[in-house]
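Here's the structure we're looking at; comments come further down.
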Amino acid sequence: MSNRTTEMRFGFGKNWAEFVEKHLSEGTIDASRLHLADLLRTDDLRGMTFLDIGCGSGIHALAALRMGAEQVVSFDYDRDSVNTTQRVREHAKSPTNWRVMQGSVLDKTFMSSLPKADIVYSWGVLHHTGDMWSAIRNSLIPLKADGVYYIALYSSDNYVDPPPAYWMEIKKRYNLAGERTKRWMEWRYMLQFHFLPELRAGRNPFQLIRGYGTRGMTYWTDAKDWLGGWPMDFAGFGETRAFCRSEAGLTLANVRAGEGCTEYVFTHPEYNAHWRSIIDARAQVKLIGPFARNGGLSYSVALPHLELEADCAAAPRRSRLMLYEDGAALGLAHSMHAHIRGYGNGRFSHWGRNLFFSASDGSDPNTNGRAYAYCERF
């Protein structure tokens, strides 16, 4: 790898500055608030300290304030992101309980100086540090014993066709390209991975772009963020859960998979009454075979009574069903059916009247001796 490639770093802050200048609105802030509330399973953060690592635009920190957080601390390595977050803080009339600073999650001394947080939040950041596992380890330093650890990492489970190596090469080319070539790459990405697949699925691709609102972002902001994001690492569901368990004894409390980033919510339920009550209420329903084989590593079982809660063409991420293997949540919901057949590894999809799934090791669930169960609303 050339020195130029090694030293390059995408200007996330400039991308966020453009977004805030053109698109900051009460609608984008509320979209972020709703997204936070959905994964945290609460919209009430009163009395809590919220730490936003790699704050980017600052919109998520503002959303936490709108949810009643008592103290919000935001920091970013990128000076432009710090400046943009300051602008959003000023938009919110510069609340005194929101502190914005520059710092690095790879700096253990800096991380140790931060106040202990009830919620440590880092969305799509830690995999861009150049040392993802050290970044995760350091980001756990300020977490309270009963705190909630909410991170989102680019998924090696989802990026299999094309694989991570393909995207690493695309990102290098994008960062080294001139402005005209970057625009061409953005349009090509949009056509290849969003526009044409939506057409083939019988959906309106323009509706996808116009209605794009994940965490308050716009489609083109997200596209530039994805193509440019460098440094870059990918993480799998299993290795991320195992790492957080071994490093800090954390239990997976919530997960959202099936898109570019997998979102994780970890906690110590023995200390956190909110999540303990949610986890204790998750009744597991045993799946009874035989399971029908659908080709490759995919098997299925009918769940007609849950059809109205299942994913469908109009709502491809509606289901909150979780599949368990021997009591462990498999996590990889909303997987593409081709990926379930071709890659297995516990991927599953609750679609229409059926649950399509694979065993964690690609074995036949009819004969591998393992117990499978589901929870309707994880």
Quiz prompt | Unique match (being over 13 Å from Gly13 (Cβ atoms) and out of contact with any Pro (no Cβ under 9 Å at 6 or more places or on another chain)) among Asp76, Asp44 | solution = Asp44
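Can you give me the ranges of the helices (runs of 4 or more DSSP H) entirely in segment 228-345 with at least 2 residues that are among the β-branched types (Val, Ile, Thr)?
Passing ranges, in order: 273-280.
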Self-check item: Selection from segment 168-194 of residues that are of a type outside the set (Ser, Thr, Tyr), more than 14 Å from Met8 (Cβ to Cβ) and crowded, with 16+ Cβ neighbours inside 10 Å
Solution: Met185, Glu186, Met190, His194
Practice problem: Looking at (1) in contact with a His (Cβ under 9 Å, 6 or more places away or on another chain); (2) under 22 Å from His268 (Cβ atoms); (3) not in a strand (DSSP E or B), find the lone condition where Asp52 falls short. | Solution: (3)
Quiz item: With respect to Asp361, is the statement that it is among the acidic types (Asp, Glu), more than 23 Å from the chain's Cα centre (by Cα) and modelled with pLDDT of 95 or more true?
Solution: yes
Quiz item: Looking at Val105, is it among the aliphatic types (A, V, I, L, M) and within 21 Å of the chain's Cα centre (by Cα)?
Solution: yes
Exercise. Pairs only if they're at least six apart or on different chains, beta carbon under 6 angstrom, first in segment 316-331 and closer than 14 Å to Ala371 by Cα, second in a loop (DSSP other than H, G, I, E, B) and among the aliphatic types (A, V, I, L, M); list them, first residue then second.
Key: Leu323/Leu330; Asp326/Ala371
Quiz item: Checking His60 against (1) buried (at least 16 other Cβ atoms within 10 Å of the Cβ); (2) over 23 Å from the mean Cα position of the chain (by Cα), which test does it fail?
Solution: (2)
Practice problem: Considering only segment 195-253, state which residues are in contact (Cβ under 8 Å) with a residue 24 or more places away in the chain, among the β-branched types (Val, Ile, Thr), closer than 30 Å to Met8 by Cβ and crowded, with 16+ Cβ neighbours inside 10 Å. | Solution: Thr218, Thr221, Thr240
Quiz prompt | Residue among Glu325, Glu270, Glu307 that is in contact with a strand residue (DSSP E or B) (Cβ under 7 Å, 6 or more places away or on another chain) and of a type in the set (D, E, K, R) | solution = Glu325
Practice problem: Give Ile59, Ile29 a once-over and let me know the one that is touching a residue at least 24 places away in the same chain (Cβ under 8 Å) and closer than 18 Å to Asp78 by Cβ. | Solution: Ile59
Quiz item: Right, Leu355: touching an Asp or Glu at 6+ places or on another chain (Cβ under 8 Å), within 27 Å of Ala253 (Cβ to Cβ) and outside any loop (DSSP other than H, G, I, E, B) or not?
Solution: no
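Of Ser113, Ser94, which residue is small (Gly, Ala, Ser), without any contact (Cβ under 8 Å) to a residue 40 or more places away in the chain and at positive phi?
Only one candidate qualifies: Ser94.
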Self-check item: Residue check for Glu259: under 30 Å from Cys312 (Cα atoms), free of Cβ contacts under 8 Å to residues at least 24 places away in the same chain and under 16 Å from the mean Cα position of the chain (by Cα)
Solution: no
Practice problem: Could you please find all residues in segment 136-195 being farther than 13 Å from Trp226 by Cα and among the acidic types (Asp, Glu)? | Solution: Asp146, Asp157, Asp161, Glu179
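The values are calculated or read from the model by the stated rules, or taken from the named source; none is laboratory data. Not measured: the values here are computed from a predicted model. Ideal geometry is used to build each Cβ from the backbone, glycine not excepted, and the neighbour counts take in all protein chains shown.
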